[in-house]
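Contents: one structure, followed by commentary.
The values are calculated or read from the model by the stated rules, or taken from the named source; none is laboratory data. Small disclaimer: the values here were computed from a predicted structure and weren't measured. Cβ placement follows ideal geometry from the backbone for every residue including glycine, while neighbour counts extend to all protein chains displayed. Surface areas here come from the heavy atoms of the whole protein model, side chains and all, with no ligands, DNA or RNA. Shrake-Rupley method; radii C 1.70, N 1.55, O 1.52, S 1.80 Å.
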Amino acid sequence: MNSLLEIWHGLAARDRALTIVITLLCLLATSYGFVLQPLKHSIEAENVRRLSLEASVREIERILPQLPQASLKQEDVMINGSSTPLLALIDSALKETAFHHKTISMQTLNDHSVALVLDNIDFSEMIIWLANIQDAAAVTVTEITLQPGEKNGMVKANINLIQK
C-alpha cells in the first residue's frame, strides 16, 4: 500500500488530475454498460409491448361492433326464478360435489343443452348428483355413455344434459 502512495505522490499534479479523470470516465462507462444500458433496453421493450397491446385493444374495439349480439352472451334461462346460463348452473352444481375436480370438459351444445365429461367418478355419487340437479333445476339427462373406471364402482361418463 505504501508503494502505491509513494507512486501517487511521485506523480506530477497534472498526471494525478489525468488519473482521476480517467478513473471517473471508467466508472461512468462501467455504470452505463452494467446499469443504464440494460435499463434503457427494458424501457424500450416495455414501450414496444405497450404499443402492441394498445394496437390489439384498438383492433378488438374495431371488430367488436361487427359481432352479432347473440354471440356475445348465452341466452339466459330461468332457474328457480333467477336468470342463470345452464353452463354456469352445471358448473356451480359440480363445485358442490366431491368429484368436481374430476371434470374433464364441459361445453354448451345449444342454449339449453350442455355436454359434460367426468373421469373416474363413483357411479353412485354421480346418480345422486344427477337426481339432485334434476329436482333442483329441471335438468334432465338426454344421453349418457359410461365406461368402466380404474376401480369397482368407478366410471368415465359422457353426459348430455338439457334444461326443460
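Taking the criterion of being among the hydrophobic types (A, V, I, L, M, F, W, C) and under 17 Å from D91 (Cβ atoms), the residues of the stretch 142-163 that qualify are A157, I159, L161, I162. Taking into account only those residues within the stretch 129-145 that are farther than 15 Å from Q163 by Cβ and surrounded by 14 or more Cβ atoms within 10 Å (Cβ to Cβ), which is modelled with the lowest pLDDT? Among those residues, the one meeting the criterion is W129.
Within the stretch 94-109, the only residue that satisfies the criterion of being closer than 19 Å to Q134 by Cβ, open to solvent by 60 Å² or more (accessible area, probe 1.4 Å) and assigned to a strand (DSSP E or B) is L109.
Check the stretch 95-106 and report whether any residue there is modelled with pLDDT of 80 or more and in contact with a Leu (Cβ under 7 Å, 6 or more places away or on another chain). Checked against the condition, which is being modelled with pLDDT of 80 or more and in contact with a Leu (Cβ under 7 Å, 6 or more places away or on another chain), the stretch 95-106 yields at least one hit.
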